[in-house]
Amino acid sequence: MASIMTNVSAMTALQSLNATNKQLATTQNRISTGYRVASAEDNAAYWSIATTMRSDNSALSTVKDALGLGAATVDVAYTGMNSAIDITKEIKNKLVAARQPGVDRGKIQSEIGELQNQLQSIGDSSVFSGQNWLSVDSSAAGYNATKSIVASFSRTGGAVTIGTISVDTSTIKLFDANNQSGILDTQDTTTNGGVAYSVKTLDISSLTDSANDLADLEQMIGWTDTSISNMTNAASNLGAVKQRTNMQKDFVSSLMDAIDRGIGALVDADMNQESTRLQALQVQQQLGVQALSIANQNNQTILSLFR
């Protein structure tokens, strides 16, 4: 039936053109943003997952920074420990030289005194970001011998967990201003002279060639050697922590990349596919306009019936 009140062909053509324009707008938006799911209205489930994972990835970026800070702190302590080992070895060498009868132990003590001052300087200057693990004061307010390095961030069933790497500084400290319990300031007492000493405070200037004094000197040599052994163990522990921290940092970096890839698989637009769809929709749009134009001309045909 030919009707001037209802142009069915035009209505159909218009609906088709509107649908094509809507698809074209969606495709153009994907091309301009690069996202297949740019907002919740595109796909609420995927958008929610992607938003949460982006938030977690941002937290992992902070974890990576914290690991870098922790690795630097460990590296400073490790460097200080190695330097302290070298200086203590020199003190041990001086003590062994002083064991020879007839030597001027006063002059040797002058050299040892400078080495002891250097040990204290190493301990006091091994600081990074306000943290000193080698020279501490265990009586200070808020002191905690266990230091933590933020190492991971994870989400399980909505619950967030922060993982840490712990370092017990009580086993690596060189000096403790509170109770002299560090590796270099822990005291021993000479068997014969009854003199309390540590690697930091030992003094051989008054020792003679008597059997008792030589025995006490040998005791100091043994105590110093024990300190070197303890520092070597502490350096090994620091080296292990440093290695683990660097490995964790590399893992977090790889994990962030994997999460980025997962997010991309959910929400990124396939540009090859979208460009092909764009060309097809542009052709459909042109044909739709043409079809609507033809449908609108149908009423003009009806006029010819009344001529």
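The values are calculated or read from the model by the stated rules, or taken from the named source; none is laboratory data. Model, not experiment: these values are computed from the prediction. Virtual Cβ from ideal backbone geometry, glycine too; neighbours counted across all protein chains shown.
The rows are residues; the columns are (1) aromatic (Phe, Trp, Tyr); (2) free of Cβ contacts under 8 Å to residues at least 60 places away in the same chain.
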site	(1), (2)
78	yes, no
96	no, no
117	no, yes
148	no, yes
172	no, no
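Of everything in the range 281-295, what is farther than 9 Å from residue 13 by Cα and crowded, with 17+ Cβ neighbours inside 10 Å? Give them in sequence order.
Passing the criteria: 281, 284.
Any residue at all in the range 260-273 that is surrounded by 12 or more Cβ atoms within 10 Å (Cβ to Cβ), part of a helix (DSSP H, G or I) and basic (Lys, Arg)?
no
Residues to consider are 181, 166, 236, 170; find the one that is more than 25 Å from residue 98 (Cα to Cα), modelled with pLDDT under 95, small (Gly, Ala, Ser) and in a helix (DSSP H, G or I).
Criteria check complete, one pass: 170.
Residues in the range 56-75: is at least one part of a helix (DSSP H, G or I), closer than 30 Å to residue 181 by Cα, assigned by TED's automatic domain parsing to the domain that holds residue 263 and basic (Lys, Arg)?
no
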